[in-house]
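This report refers to the structure that appears directly beneath it.
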Amino acid sequence: MTVARRKGDAGKCDELASRLVRMRGYCEYPGCGSTQTLQCCHIVPRRYSRTRTRIDNLLCLCASHHRLIDTFPDEKLMVCQEVYGVGHYMQLRDDAEQTGGQRFDWTAERARLQALWDRRPM
Ligand SMILES: [Zn+2]
C-alpha cells in the first residue's frame with residue numbers, strides 16, 4: 001500500500017517537472033531554439049531521487065538534441081554550463097549522491113512541484 005502510493009507520487013512528480021521544464025517553450029541546445037518535439041532531459045540521471053525532479057537538473061530539448069545529449073556526455077556538460085553556468089554540474093552530482101540515509105519524500109516533493117505549477121505564469 002505504502003509502496004504503491006510512493007510510486008504514484010514519484011510518477012506525478014516526473015509529470016509536473018516535465019511540464020514545468022517544457023513551458024520554457026524552446027530547445028535550449030545552443031543555436032537550436034526549436035519549438036517542436038520538446039522533451040524534458042535529465043542532466044544527472046533520473047535514478048537519483050534527490051535531483052530527479054529538481055528543475056535545475058532538467059533541460060528543455062527538442063527530440064534530436066535530447067538524443068544527441070544522451071549519446072555524448074560531453075555535449076550534456078556543455079549545454080548544462082550554457083544554461084546553468086560553470087560548476088553547476090558538479091553541484092548537482094554532489095547533491096545527487098547525498099542520500100542522508102533517508103528515503104526520499106515524494107509526497108512532499110509532489111506538493112512542492114504542484115505549488116510551482118499552480119503559480120506558473122499564464
Ligand atoms: Zn534542439
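State which residue is farthest from the ligand (Cβ to nearest atom) when the search covers only segment 56-65 and only residues that are closer than 15 Å to THR35 by Cβ and surrounded by fewer than 20 Cβ atoms within 10 Å (Cβ to Cβ).
Only one residue tops the list, namely ALA63.
For segment 5-23, give me each residue that is at pLDDT 95 or above and open to solvent by 70 Å² or more (accessible area, probe 1.4 Å).
GLU15, ARG19, ARG22, MET23, listed by residue number.
If you go through segment 29-55, how many residues are more than 18 Å from PRO73 (Cα to Cα) and away from the ligand (no atom under 16 Å from the Cβ)?
Number of matching residues: 5.
Determine if segment 17-33 includes at least one residue that is among the polar types (S, T, N, Q) and under 24 Å from ALA115 (Cβ atoms).
Looking for residues that are among the polar types (S, T, N, Q) and under 24 Å from ALA115 (Cβ atoms), one finds at least one in segment 17-33, hence yes.
Looking only at segment 66-99, how many residues end up being open to solvent by 80 Å² or more (accessible area, probe 1.4 Å), within 20 Å of ASP14 (Cβ to Cβ) and β-branched (Val, Ile, Thr)?
Residues flagged as open to solvent by 80 Å² or more (accessible area, probe 1.4 Å), within 20 Å of ASP14 (Cβ to Cβ) and β-branched (Val, Ile, Thr) within segment 66-99 amount to 1.
May I ask you to list the residues in segment 19-29 that are touching a residue at least 40 places away in the same chain (Cβ under 8 Å), part of a helix (DSSP H, G or I) and not charged (D, E, K, R)?
Passing the criteria: only LEU20.
Which condition does ALA111 not pass, out of (1) open to solvent by 40 Å² or more (accessible area, probe 1.4 Å); (2) at pLDDT 95 or above; (3) within 13 Å of the chain's Cα centre (by Cα), if it passes all the others?
Of the numbered conditions (1) open to solvent by 40 Å² or more (accessible area, probe 1.4 Å); (2) at pLDDT 95 or above; (3) within 13 Å of the chain's Cα centre (by Cα), the odd one out for ALA111 is (3).
So which helices (runs of 4 or more DSSP H) are wholly in segment 30-84 and hold at least 3 residues that are modelled with pLDDT of 95 or more?
Of the helices (runs of 4 or more DSSP H) lying wholly inside segment 30-84, those with at least 3 residues that are modelled with pLDDT of 95 or more span 63-71, 73-84.
The values are calculated or read from the model by the stated rules, or taken from the named source; none is laboratory data. Everything numeric in this text was worked out from a predicted model, so none of it was measured. Cβ sites come from the backbone with ideal geometry, for glycine too, and all protein chains shown count toward neighbours. Side chains are part of the model used for accessible areas, which takes the heavy atoms of the whole protein and leaves out ligands, DNA and RNA. Shrake-Rupley method; radii C 1.70, N 1.55, O 1.52, S 1.80 Å.
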